[in-house]
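What follows is one structure encoded as structure tokens, with my remarks underneath.
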Amino acid sequence: MSVIEISCLEVWRELSNYVDDDVAPELRARMEAHFKSCAHCKAVLEGTQNVVKLVADGIEYELPSGFSDRLYRKIKDK
Amino acid sequence: MGSPATYSDANQAELLRRACEGDKEAFYSLVRPCERAVYVAAMSIVNNPADAEEVAQEAVLKALAHLTGFRAEAKFSTWLIQITINEARSRLRKDRRHLYESIDEPRTDEEGDYTPKDFADWREIPSEALKRDELRNALKRALATLPLKYREVLILRDIQNLSIEETAEILGISQGNVKTRLLRARLQMRDALAPGIDGSWSSGKPEYKKVRPW
């Protein structure tokens, strides 16, 4: 029993939801079938998964040293 | 000045009650666990530490001034981040350097599909090829190329790990809109970071090159 094919355009539209495991089972099945046969979309998928991982791990915004103290003082002085 | 990292609903209610009565220590106890999230939200918009800190302070003081307007059933951190984002956007509007960056919400929903621009096979995670500093800089540079409305969503979802629902609430947009913007943000980041034809990653150059401008 084959799944109904979907287009690359549809796949890109749902790509982010797929990465978040936020697609209905039927759509998920169609997308997985598509990834098996479409190298482009597979590449975009893997790149996107990498991006999510990189952004989560790689971007750090450290609080400037003394931030908490300065903030606390501003609150107290108000 | 030690505080718990998180607090329960009951704890929030109690701290809020005391804060509304003018207890500044209680107010700071509410704020302290949100400091990083507030700072990160500000940074995502104004993109420099000095301005971000000022925005954070202003947002916290605004929250203090409007505490009685806060609905106690809601999450304090969500409310505070919302104030921070509005404050950061206001600052951006005043700053002439960003005169041409679109800050205000579009009237209509997102239209048109985003087409990935680079189909290069990018299976290797660049973090293995680059040193930590280079990677962090490359990521921040790529992030800075995103339109503001996409950057905000990416930061709230993929760095702060807020839910779609919370993100929608903070930004005042629908969940569908959050998902669309997140999709575009992630695809644009991917295009900005993808190896590209000249193979910048494999040559080990510290600066990545964006192959295709948009």
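Would you say B:LYS62 is touching a helix residue (DSSP H, G or I) at 6+ places or on another chain (Cβ under 8 Å) and modelled with pLDDT of 90 or more?
Yes: the conditions hold for B:LYS62.
So how many residues does the range B:37-53 have that are under 18 Å from A:LYS74 (Cα atoms) and surrounded by fewer than 16 Cβ atoms within 10 Å (Cβ to Cβ)?
1
Test A:LYS53 against the criterion of being assigned to a helix (DSSP H, G or I) and under 20 Å from B:MET189 (Cβ atoms), and give yes or no.
Criteria met by A:LYS53.
Could you go through the range B:106-122 and let me know if any residue there is out of contact with any Lys or Arg (no Cβ under 9 Å at 6 or more places or on another chain), in a helix (DSSP H, G or I), modelled with pLDDT under 70 and not assigned by TED's automatic domain parsing to the domain that holds B:PHE27. It would help to see each step written out before you state the result.
We begin by selecting, within the range B:106-122, every residue out of contact with any Lys or Arg (no Cβ under 9 Å at 6 or more places or on another chain); these are B:107-109, B:111-112, B:115, B:119-120.
Next, from what is left, pick out any that are in a helix (DSSP H, G or I): none.
Within the range B:106-122, not a single residue is out of contact with any Lys or Arg (no Cβ under 9 Å at 6 or more places or on another chain), in a helix (DSSP H, G or I), modelled with pLDDT under 70 and not assigned by TED's automatic domain parsing to the domain that holds B:PHE27.
Taking the range B:34-93 only, how many residues are hydroxyl-bearing (Ser, Thr, Tyr) and farther than 19 Å from A:SER68 by Cβ?
4
How many of the residues making up the range A:20-51 are crowded, with 20+ Cβ neighbours inside 10 Å and either of a type in the set (Ser, Thr, Tyr) or within 8 Å of another protein chain (Cβ to nearest Cβ) (or both)?
The number of residues fulfilling the criteria is 6.
Residues of the range B:49-74 being under 22 Å from B:LEU154 (Cα atoms) and away from chain A (no Cβ under 11 Å), which ones?
Those that are under 22 Å from B:LEU154 (Cα atoms) and away from chain A (no Cβ under 11 Å): B:ASP51, B:VAL55.
Out of all the residues in the range A:61-68, is one or more at negative phi, surrounded by 15 or more Cβ atoms within 10 Å (Cβ to Cβ), assigned to a loop (DSSP other than H, G, I, E, B) and not aromatic (Phe, Trp, Tyr)? Spell out how you get there, then give the answer.
Of the range A:61-68, the ones at negative phi are A:61-65, A:67-68.
Those left that are additionally surrounded by 15 or more Cβ atoms within 10 Å (Cβ to Cβ): A:61, A:63, A:67-68.
Remaining after also requiring assigned to a loop (DSSP other than H, G, I, E, B): A:61, A:63.
Checking which are not aromatic (Phe, Trp, Tyr) leaves us with A:63.
For the range A:61-68, residues at negative phi, surrounded by 15 or more Cβ atoms within 10 Å (Cβ to Cβ), assigned to a loop (DSSP other than H, G, I, E, B) and not aromatic (Phe, Trp, Tyr): present.
Of all residues being without any contact (Cβ under 8 Å) to a residue 40 or more places away in the chain and facing chain A (nearest Cβ under 10 Å) in the range B:155-177, which is farthest from A:VAL11 (Cα to Cα)? Just the residue, please.
Here the residue is B:ASN161.
Looking at (1) in contact (Cβ under 8 Å) with a residue 12 or more places away in the chain; (2) within 23 Å of B:ASN137 (Cβ to Cβ); (3) not charged (D, E, K, R), which is the only condition A:CYS38 fails?
Unmet condition: (2).
The values are calculated or read from the model by the stated rules, or taken from the named source; none is laboratory data. All figures in this text were calculated on a predicted structure; none of them were measured in a lab. Heads up, the Cβs are rebuilt from the backbone with ideal geometry, glycines too, and the neighbour counts pull from every protein chain shown.
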